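Participant: Submitted below is the structure of interest, expressed as structure tokens.
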Amino acid sequence: AQKITQTQPGMFVQEKEAVTLDCTYDTSDPSYGLFWYKQPSSGEMIFLIYQGSYDQQNATEGRYSLNFQKARKSANLVISASQLGDSAMYFCAMREWGGSNYKLTFGKGTLLTVNP
Amino acid sequence: DTEVTQTPKHLVMGMTNKKSLKCEQHMGHRAMYWYKQKAKKPPELMFVYSYEKLSINESVPSRFSPECPNSSLLNLHLHALQPEDSALYLCASSQEQGGSYEQYFGPGTRLTVT
């Protein structure tokens, strides 16, 4: 079974609108972290936001927020007021602190296109 | 400053060549990583160094040889590669203390094996 599932291969959004990128995860480890990364066509992976499994509040970083629903095992990324520069591939990833805890497991990614 | 640098940006090598990829960070991060990424796929972990010791080797073929000379540097030595090894190679680092576990990536080296 996939540990990280991103069901949207591609998404389109109009500039200045908000967009939600979906991510569900599967783990039996009670202690884990969830990450979102942005990868523009240039190739660099840019860290956006982090949510720990014990965090009570949803993480926010500027225009990015993470909608963490633990019971549903979902960690959706919300981008508010989309900009043309937000066009990129977005990866959801998880680290499980038990076992081989350095390993970051990635989803397959969602390609976001922001239209003017 | 969250900068990880990688050299070279692009590399073309023949199957009999020996080359090295270099990665450097000056953030005091204690873990460093090598990933391989094929087009339109997520990155795949290759190696992890923690406190300058090899912590994880994801069953990578021996034609890839990592080295961590000190806490700021990470090398990936390449020898007798195959065309299917052509990919984007990403280096990353993470602090691993003080609640900071996110990995910061470099810009990558685009490797083509001919």
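The values are calculated or read from the model by the stated rules, or taken from the named source; none is laboratory data. Bear in mind the structure is a predicted one, so any value in this text is a computation, not a measurement. Using ideal geometry, Cβ is built from the backbone for each residue, glycine included, and neighbour counts are taken over all protein chains shown. What goes into the accessible areas is simple: the full protein's heavy atoms, side chains included, and nothing from ligands, DNA or RNA. Shrake-Rupley method; radii C 1.70, N 1.55, O 1.52, S 1.80 Å.
Participant: Look through B:24, B:67, B:44 and report the one residue that is open to solvent by 60 Å² or more (accessible area, probe 1.4 Å), under 11 Å from the mean Cα position of the chain (by Cα) and under 25 Å from residue A:107 (Cα atoms).
Facilitator: Numbers: B:24 fails: under 25 Å from residue A:107 (Cα atoms); B:67 fails: under 25 Å from residue A:107 (Cα atoms).
Checking each option against the conditions leaves just B:44.
Participant: Does residue A:82 satisfy the criteria of being more than 10 Å from chain B (Cβ to nearest Cβ), open to solvent by less than 10 Å² (accessible area, probe 1.4 Å) and assigned to a loop (DSSP other than H, G, I, E, B)?
Facilitator: Values: more than 10 Å from chain B (Cβ to nearest Cβ): yes; open to solvent by less than 10 Å² (accessible area, probe 1.4 Å): yes; assigned to a loop (DSSP other than H, G, I, E, B): yes.
Answer is yes for this residue.
Participant: Name the residue that is least open to solvent (accessible area, probe 1.4 Å), counting only residues in segment B:47-64 that are at pLDDT below 95 and small (Gly, Ala, Ser).
Facilitator: B:50
Participant: Give B:106, B:98, B:14 a once-over and let me know the one that is under 22 Å from residue A:95 (Cα atoms) and at pLDDT below 95.
Facilitator: Working: B:106 fails: at pLDDT below 95; B:14 fails: under 22 Å from residue A:95 (Cα atoms).
Among B:106, B:98, B:14, only B:98 is under 22 Å from residue A:95 (Cα atoms) and at pLDDT below 95.
Participant: Which number in (1) of a type in the set (Asp, Glu); (2) within 14 Å of chain A (Cβ to nearest Cβ); (3) without any contact (Cβ under 8 Å) to a residue 24 or more places away in the chain marks the one condition that residue B:67 misses?
Facilitator: Status for residue B:67: all satisfied but (2).
Participant: If you take the residues of segment A:57-94 that are within 18 Å of residue A:2 (Cα to Cα) and hydrophobic (A, V, I, L, M, F, W, C), which of them is farthest from the chain's Cα centre (by Cα)? Reasoning before the result, please.
Facilitator: Of segment A:57-94, the ones within 18 Å of residue A:2 (Cα to Cα) are A:70-76, A:90-94.
Now restrict to residues that are hydrophobic (A, V, I, L, M, F, W, C): A:71, A:75, A:91-94.
Details: A:71: 17, A:75: 7, A:91: 6, A:92: 4, A:93: 7, A:94: 9 Å.
Among those residues, the one meeting the criterion is A:71.
Participant: Among the listed residues B:92, B:87, which satisfies the condition of being in contact with a strand residue (DSSP E or B) (Cβ under 6 Å, 6 or more places away or on another chain), closer than 24 Å to residue A:32 by Cβ and either at pLDDT 95 or above or open to solvent by less than 30 Å² (accessible area, probe 1.4 Å) (or both)? Show your work before the answer.
Facilitator: Working: B:87 fails: closer than 24 Å to residue A:32 by Cβ.
Unique residue meeting the criteria: B:92.
Participant: If residue B:78 meets every condition in (1) open to solvent by less than 30 Å² (accessible area, probe 1.4 Å); (2) within 14 Å of chain A (Cβ to nearest Cβ); (3) modelled with pLDDT of 95 or more apart from one, which number is that one?
Facilitator: Residue B:78 satisfies all of (1) open to solvent by less than 30 Å² (accessible area, probe 1.4 Å); (2) within 14 Å of chain A (Cβ to nearest Cβ); (3) modelled with pLDDT of 95 or more except (2).
Participant: Also: Are any residues in segment A:94-110 at pLDDT 95 or above and within 8 Å of another protein chain (Cβ to nearest Cβ), and if so, which ones?
Facilitator: A:106, A:107, A:108, A:109
Participant: If you scan segment A:54-78, which residues turn out to be part of a loop (DSSP other than H, G, I, E, B) and surrounded by fewer than 17 Cβ atoms within 10 Å (Cβ to Cβ)?
Facilitator: Filtering segment A:54-78 for residues part of a loop (DSSP other than H, G, I, E, B) gives A:54-59, A:62-63, A:70-73.
A:54, A:55, A:56, A:57, A:58, A:62, A:63, A:70, A:71, A:72, A:73 - these are the residues of segment A:54-78 that are part of a loop (DSSP other than H, G, I, E, B) and surrounded by fewer than 17 Cβ atoms within 10 Å (Cβ to Cβ).
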